[in-house]
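Scroll down for the structure; my scribbles are underneath it.
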Amino acid sequence: MSRVYPFDDAATARAVIGEDGTLTEWSEGARRLLGHPAEDVVGRPAALLLAGDVAPRAPVGTRWDGTLGLRHRDGRTVPVWLLAHHTPAHDERPGHWMVVSPLDGGGPRTPDDPLATATLTQSPCAIAVYDDQLRLRRMNEAMARVIGLPEERVQGLRVTEIGGKPESGDLERSMLRVLASGRPLDVQTYTRSGGEDRAHAWLARVAPVTDAAGRVRGVSLAAHDFTENYLARERLQLVNAASVRIGSTLDVIRTAQELADVCVPALADLVTVDLLDPPEDGGDLPARLSAPVTLRRIAHQSVLPGVPEAVLKPGQTEVYPATSPQADSLTAGHTIVASVSSGELDEWLSWNKVRGERVREFGVHSSMSVPILARGTTLGVAVFRRHRRLDPFGPDDVLLAEEITARAAVCIDNARRYSRERETALALQRSLLPRTLPRTAALQAASRYLPAARAGVGGDWFDVIQLSGLRVAMVVGDVVGHGVQASATMGRLRTAVRTLADIDLAPDELLTHLDDLVLRLSEEQGGEGNPGEVGATCLYAVYDPVSRRCTLARAGHPPPVLLRPGHLPHLLDLPAGPPLGLGGLPFESAEVTLDEGTVLAMFTDGLITSRHRDPDTGRRLLHEALAAYSDSLDETCDRILHALLPSGGAADDVALLLARTQGLPPSRVASWDIPADPALVAPIRKQVVEQLDVWDLSMAAFTTELVVSELVTNAIRYGAHPIGLRLIHDTATLICEVSDASHTAPHLRRAKTWDEGGRGLLLVAQLTQRWGTRHTAEGKTIWAELSLFEDEGP
């Protein structure tokens, strides 16, 4: 007979009966036993083969054995011992019973038969011997206890016919390989046999049985129960996997999902993780709870695709009453194990009828609820359930679930605390950043700020500041570090920049003062003698729409990118300058002329650098995204972020500021050179009034005459030549500027009763919207802004 398929199907009487009791298969061995050919019985009720009027009770469970009187074809009754295995319905295959019975007990025996003389002592190891057709010939008492059937009943049956499980087929294929090769083979399996009340782990040695001539006549099977070692190893592997896989991020939902993923199917068939919602006031969760308890489903996992056993979906909440395992374990503060068969869950399942139907539908039989506790705080509950695994939860399972859940609880608590701190820092960060950018005649601007995906909120900031003479300052900065401290430092620096910009400092001078401030902040935080404890970078630019010139300086910050109309984007070459906080090093400014419609891109290094990309590649991607610029600055901002940032978020904070320059037409600007003669102030006033008529601003002539007269007179009396007057006509503002070569700045003072002067600047302050002084390389400029539209009353 072929070694590839040595089986003689006629040596076993075998039949298959459907769930409705109809015979669907009938073997040659069954014909030999009862004489009925297959065509006479297949498709007919199996009960017609029973002799007598009393039908046996329907079998319970997945296996049945017993002796029945069967009707032979010639009319006589044949007592037959039968072994039946039940296979439930799976996918589209219907359930059925396979019924077998040996015909000749494994064949005749001779005194020199090697199968009969194989050593079958009273060994604690389960031993069985199979012939060259892989039918059982002998087994010892240990193997009989494992199978749950005596030797004389199963002699002549194959392993698959005795076991009736998928694992039996794997074992038989291993035996077939040994039979064909003549070499022993070790097989491990974890299964529940017919003689066991729970699953066991078996290490089986399958070895060839040879005769005196060395010919393979069968195989021997020696099985050793190593369940305790197997389970201990599984528990150790599960704990190791939990320590590696749980808590990979500071994200509550992902951490909870990792807990569920690790435990399925190694510990349970279904795991759900429900957490308490954080208090609205931002306080801590309670250490102990009382029923009912409201929990939110955060994560779940199942051995079945789509988790069909779950009633809730992630994100949904449910109120758990005192009868539920979830509420009971949380109020008790320890693990609660319950089973369906004991009736411990009846009240809970009847309270929630949908859950009760799911339990019955999927055959859930055991539940284990483990509270999630960390640092004395109750966070939620993890519930483990079994329906595919037949074993209930035992004490070892409880210890394992508690250890894994305790590890996950710390990670969940860390993630929750991090999320709360991150939200606080983000709220602080956004409150310190400008909510909207001002609309100016000098430029149009759009901005974006994105916090780091994992590292937390940092100290990136941006700002657009209106200056005198329609000029606009643009600033982008980056404070070293992350968290609330970095956000607070950013707020102090942004306030300082606004204050320094308000006195019209040149960009290099502003950075010098800002550097001093960072040094003082570093000393306040305990960094004396260690410059750089608090560090930052900054890029500051001032654009004048009248001259269309932009002055820039940077302190260790990435240079901006320019996109001139009709040209490709290019990096603006600026002196680097040291980062803020080092002290004692100079900063340099650079000045460029910008055509109207030029786009200036200012950003922090989080935009162009990443863990998987060098800055040069980032700059190239930025240039490509900026080259596709459309008329919308907002759309261009979104395109740049989409092109440069990964889908999971940036590793560092990102601040992006895009500004499109605008120019003021020469017709909106008028200037005069002023002689050093007070008698010529009147002709100047006349020329100013004439210019206002050209601009159709006659309604502002009286106020403008007074302001010009006072500013020009002060310049002639206290300033130095040359003296100049400039009027700038904006849409809603008229700006008067008087420049001279003196660096002495005027200031308001209260004139005494008999003083002849001292009231000029006070008058200017009363008549104008605002006024001030800015210093230049040639001297100073006193400016005043007059509103062209009166404020509407209430």
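For the stretch 231-422, take N as its residue count and report Rg(C-alpha) divided by 2.2 N^0.38 Å.
Working: Rg = 15.6 Å, N = 192, 2.2 N^0.38 = 16.2 Å.
It is 0.96.
Percent of Cα-Cα pairs more than 17 Å apart in the stretch 204-304, please.
Numbers: 3584 of 5050 pairs.
Here the tail beyond 17 Å accounts for 71 percent of pairs.
Report, in deg cm²/dmol and to the nearest 500, the calculated mean residue ellipticity at 222 nm for the chain, where each DSSP H run with n ≥ 4 adds -39500 (n - 2.57) and the sum is divided by the residue count.
Working: 19 runs with 238 residues, N = 794.
Computed ellipticity for the chain at 222 nm equals -9500 deg cm²/dmol.
Positive end of the charge dipole of the stretch 9-102 (Lys, Arg +1 and Asp, Glu -1 on Cβ, about the Cα centre): tell me which of V16, V78, S27 has its Cα farthest that way.
V78
Counting only other residues whose beta carbon sits under 9 Å from that of V359, what net charge do I get with K and R as +1, D and E as -1?
Details: positive: R355, R358, R360, R385; negative: E309, E357, E361.
Cβ neighbours under 9 Å give a net charge of +1.
What percentages make up the Cα-Cα pair-distance distribution of the stretch 9-102 when the bins are 5 Å wide from 0?
3, 13, 24, 29, 20, 8, 2, 1, 0
If you count, for each residue, the other Cβ atoms within 10 Å and average over each peptide, how do 30-42, 373-385 line up from highest to lowest?
373-385, 30-42
Using only alpha carbon positions, build the gyration tensor of the stretch 585-646, then give the equivalent ellipsoid semi-axes as the square roots of 5 times its eigenvalues, largest first, whole angstrom. Intermediate results must be reported in sequence, preceding the final value.
Values: eigenvalues 97, 78, 16 Å².
Ellipsoid semi-axes (Å, largest first): 22, 20, 9.
Averaging over every viewing direction, what projected area does the convex hull of the Cα atoms of the stretch 276-389 cover, in nm²? List each step's numbers first, then the result.
Details: hull surface 29.0 nm².
If you wrap the Cα atoms of the stretch 276-389 in a convex hull and average its projections, you get 7.3 nm².
Within the chain, which complete DSSP H helices have Cα atoms spanning at least 15 Å along the helix axis and a mean Kyte-Doolittle hydropathy of -0.5 or higher?
Values: long enough: 166-181 (23 Å, -0.29); 227-245 (26 Å, -0.45); 252-263 (17 Å, 0.59); 395-432 (55 Å, -0.34); 484-502 (27 Å, 0.07); 507-524 (26 Å, -0.27); 615-627 (18 Å, -0.53); 633-644 (17 Å, 0.11); 681-694 (20 Å, 0.21); 701-718 (25 Å, 0.66).
In the chain, the long hydrophobic H runs are 166-181, 227-245, 252-263, 395-432, 484-502, 507-524, 633-644, 681-694, 701-718.
Among Y629, P451, G69, whose Cα lies farthest out toward the positive end of the dipole of the chain, if unit charges sit on the beta carbon of Lys, Arg (+1) and Asp, Glu (-1)?
Of Y629, P451, G69, it is G69.
Over the stretch 413-499, what lengths in whole Å, largest first, do the semi-axes of the equivalent ellipsoid take, defined as the square roots of 5 times the eigenvalues of the alpha-carbon gyration tensor?
29, 12, 9
Report, please, the projected area of the stretch 346-475 averaged over directions, based on the convex hull of its C-alpha atoms, in nm².
Numbers: hull surface 56.1 nm².
That works out to 14.0 nm², a quarter of the Cα hull's surface.
Expressed as a fraction of 2.2 N^0.38 Å, the rule-of-thumb size for a compact globular protein of N residues, what is the C-alpha radius of gyration of the stretch 608-715? Write out the running numbers ahead of the final one.
Values: Rg = 25.9 Å, N = 108, 2.2 N^0.38 = 13.0 Å.
Output field value: 1.98.
Would you mind working out the magnitude of the charge dipole of the stretch 368-494 relative to its Cα centre, with +1 at each Lys and Arg C-beta and -1 at each Asp and Glu C-beta, to the nearest 20 Debye?
Working: 18 positive and 11 negative charges, 107 e Å.
Here the stretch 368-494 has a charge dipole of around 520 debye.
Given R₀ = 56 Å, what would the calculated FRET efficiency be for S350 paired with T436, taking r from the Cβ atoms and rounding to 0.05? List each step's numbers first, then the result.
On the way: r = 58 Å, r/R0 = 1.03.
Using R0 = 56 Å, I get an efficiency of 0.45.
For the stretch 435-661, take N as its residue count and report Rg(C-alpha) divided by 2.2 N^0.38 Å.
Values: Rg = 16.7 Å, N = 227, 2.2 N^0.38 = 17.3 Å.
Rg over 2.2 N^0.38 Å, computed on Cα atoms: 0.97.
Could you tell me the extents of the chain's C-alpha atoms along the three principal axes, largest first, rounded to whole Å?
For the chain, the Cα extents along the three principal axes come out at 147, 59, 57 Å.
Assuming a ≥ b ≥ c are the square roots of the Cα gyration tensor eigenvalues, decide whether the stretch 551-677 counts as rounded (a/c under 1.5), prolate (otherwise, with a/b larger than b/c) or oblate. Walk me through the intermediate numbers first.
Working: a/c = 2.86, a/b = 1.47, b/c = 1.95.
In terms of gyration-tensor shape, oblate.
In debye, nearest 20, what is the charge dipole magnitude of the stretch 126-225 about its Cα centre with +1 on Lys and Arg Cβ and -1 on Asp and Glu Cβ, if you could check? Working shown, then result.
Values: 15 positive and 14 negative charges, 47 e Å.
In debye, rounded to 20, the stretch 126-225 gives about 220.
How large is the charge dipole for the chain, taken about the Cα centre, if only the Cβ atoms of Lys, Arg (+1) and Asp, Glu (-1) carry charge, to the nearest 20 debye?
Charge dipole of the chain: 1820 debye, to the nearest 20.
DSSP loop (so not H, G, I, E, B), at most 16 other Cβ within 10 Å: list which trypsin sites (Lys or Arg not before Pro) in the stretch 178-245 pass both filters. Mind showing how you got there, number by number?
Working: sites: R192, R198, R205, R215, R217, R233, R235, R245; in loops: R192, R198, R215.
Passing both the DSSP loop test and the Cβ count: R192, R198, R215.
What number comes out for the charge environment of P184, summing +1 per Lys or Arg and -1 per Asp or Glu over other residues with Cβ under 11 Å away?
Values: positive: R177, R183, R205; negative: D186.
The answer is +2.
Please compute the volume of the convex hull spanned by the alpha-carbon atoms of the stretch 126-225 and report it per residue in Å³. Intermediate values should be presented prior to the final figure.
On the way: hull volume 8.4 nm³, N = 100.
Here the figure is 84 Å³ per residue.
What does the stretch 176-252 give for Rg and for Dmax, in Å, if only its C-alpha atoms count?
Both quantities, over Cα of the stretch 176-252: 19.6, 69 Å.
Given S419, Y320, S367, which one lies farthest toward the positive end of the charge dipole of the stretch 231-422, if we put +1 on the Cβ of every Lys and Arg and -1 on the Cβ of every Asp and Glu?
S419
For the stretch 666-787, build the convex hull from the C-alpha positions and give me its volume per residue in Å³. Don't skip to the answer; put the middle values down first.
On the way: hull volume 13.1 nm³, N = 122.
For the stretch 666-787, the hull spanned by Cα atoms encloses 107 Å³ per residue.
If I take every Cα pair under 8 Å that is 6 or more residues apart in the chain, average their sequence separation and divide by the length, what percent do I get for the relative contact order? Could the numbers behind the result be given before it?
Details: 1591 pairs, mean separation 50.1, N = 794.
Normalised by residue count, the contact order of the chain is 6 percent.
Where a number appears in this text, it was derived from the coordinates with a stated rule and is not lab data. Keep in mind that what you see is a predicted model, and the values were worked out from it rather than measured. Glycine also receives a Cβ, built like all others from the backbone with ideal geometry; neighbour counts cover every protein chain displayed.
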